[in-house]
1. From Cα pairs below 8 angstrom and at least 6 apart in sequence, can you work out the relative contact order of segment 1-98, rounded to a whole percent?
2. Would you calculate the convex hull of the Cα atoms in the chain and tell me its volume per residue in Å³?
3. Quote the charge dipole size of the chain about the Cα centre in Debye, to the nearest 20; the model charges only the Cβ of Lys and Arg (+1) and of Asp and Glu (-1).
4. Between L131 and H197, what is the FRET efficiency for a Förster distance of 22 Å, r being their Cβ-Cβ separation, to the nearest 0.05?
5. Might you report the magnitude of the Cβ-based charge dipole of segment 21-95 about its Cα centre, with Lys and Arg at +1 and Asp and Glu at -1, to the nearest 20 debye?
6. Report the extension gain between A280 and A152 in nm, rounded to one decimal, defined as 0.36 nm multiplied by the number of residues separating them, less their alpha carbon distance.
7. Can you tell me the order of 131-139, 203-211, 45-53 when each peptide is scored by its average per-residue count of other Cβ atoms within 10 angstrom, highest first?
8. Using only alpha carbon pairs under 8 Å that are at least six residues apart, calculate the relative contact order of segment 252-342 and give it in whole percent.
Amino acid sequence: MPTSPRLTAIQRNLRIAKLASEDPRTRCHAALDLCHAAWAGTDIAPALPALALVAARPHTTDLDAMWAQHALEAAAFAGADLTPALPVLLAKIRERVNQYAAAALRTWASRSFDAAAVVLREVRTAVPRPLGRTRELVDELEFLSSHHVSDAEVCWTTDRKRGVRARAGRLYWRSSHGWDLEQSCPDFARHGVPREHLKYWTGSWRVPLHLQNTVRAWLELPAIAETEQDRALKAVERALDDLAAARFGTEPDHCGLCAELGPSVGGSPLKGYSLPAAAARLKPVTTVDTRGGLYRCPSCGTLYERRYEHDYEPFEEETDWEGLSRVTLDEVRRLTMCEVFGSATE
């Protein structure tokens, strides 16, 4: 691969010639170079017929067919017409070897309404009863046939830089690590932000209302006045208010059950420890979510968080700990916000 991913016309033509090699590794490296060159701005439209021939090959460990399909996707992103490669990509879809072929078709379809209509018609003809990823591709093509999504990008910063971009008809939610969580536009239109996945990748699924409405504007969807996060936050606050109202006049030091448990109790089950019998009399609180579980004393309303931790490293001693600790409402609020949103301070 050249030092710079961009290729001159002579360098590009040399790679095109290598695509006809009998050596799969030579074909792979040529397709790889063309793919990177296309993303860097080189026009690889003259390579489309040769790339289509390589893409038609069975998938092997040499990866020549895979990189040829990646190169077709890159060419489509730059505006190339993939008509010369359409039969090959449709064949991959029929074979359900469609991860890379679908990406190329999706990217081509996102360039214009006409391209989306052509690809949708051809995919429906090739696969009359789409399932799985092919069904998802059809859903996206239907969306792109009526909603052209141009390239766009917006960032927001909380405790870390995050962002979302629309590219090639899909949304990418960016984490602090630079990893992208991909979401189809139809899925966003139906369900909004991918909350659980965002929380996993970014630490929180709280996305500002103005940013969600920016994304909705890209997709020609009406603006929303309240996010799912806002509604979840209100539900948490209502649950905490209910817990505050459930406190009784008796202080824990004057409650027989709480006096038996004390402010904190715990030990290692692996070493034979078990919680006191009084712990079984605590009532679980199901309206709020903390990491270990929240419990309430039925006599005085005092709150306890139950935690279990387990640690194991190869060639080291296995350790664990289980215990109960009294918590205040403010501590419960912080724990709940961390569990629901990933950060209590965002």
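The values are calculated or read from the model by the stated rules, or taken from the named source; none is laboratory data. For clarity, every value in this text was computed on a predicted model and none was experimentally measured. Positions of Cβ are backbone-derived with ideal geometry, glycine not excepted, and every protein chain shown enters the neighbour counts. What goes into the accessible areas is simple: the full protein's heavy atoms, side chains included, and nothing from ligands, DNA or RNA. Shrake-Rupley method; radii C 1.70, N 1.55, O 1.52, S 1.80 Å.
1. Working: 129 pairs, mean separation 26.8, N = 98.
About 27 percent, as a whole number.
2. Numbers: hull volume 67.1 nm³, N = 346.
Spread over its residues, the Cα hull of the chain gives 194 Å³ apiece.
3. On the way: 43 positive and 46 negative charges, 209 e Å.
Rounded to the nearest 20 debye, it is 1000 debye.
4. Working: r = 22 Å, r/R0 = 1.02.
Efficiency at R0 = 22 Å is approximately 0.45.
5. Working: 5 positive and 9 negative charges, 36 e Å.
Using Cβ point charges on Lys, Arg, Asp and Glu, segment 21-95 gives about 180 debye.
6. Working: separation 128, 0.36 × 128 = 46.08 nm, distance 5.50 nm.
Going from the current span to full extension adds 40.6 nm.
7. Working: 131-139: 15.6, 203-211: 18.7, 45-53: 20.4.
With the highest mean Cβ count within 10 Å placed first, the list reads 45-53, 203-211, 131-139.
8. On the way: 141 pairs, mean separation 25.4, N = 91.
RCO, segment 252-342: 28 percent.
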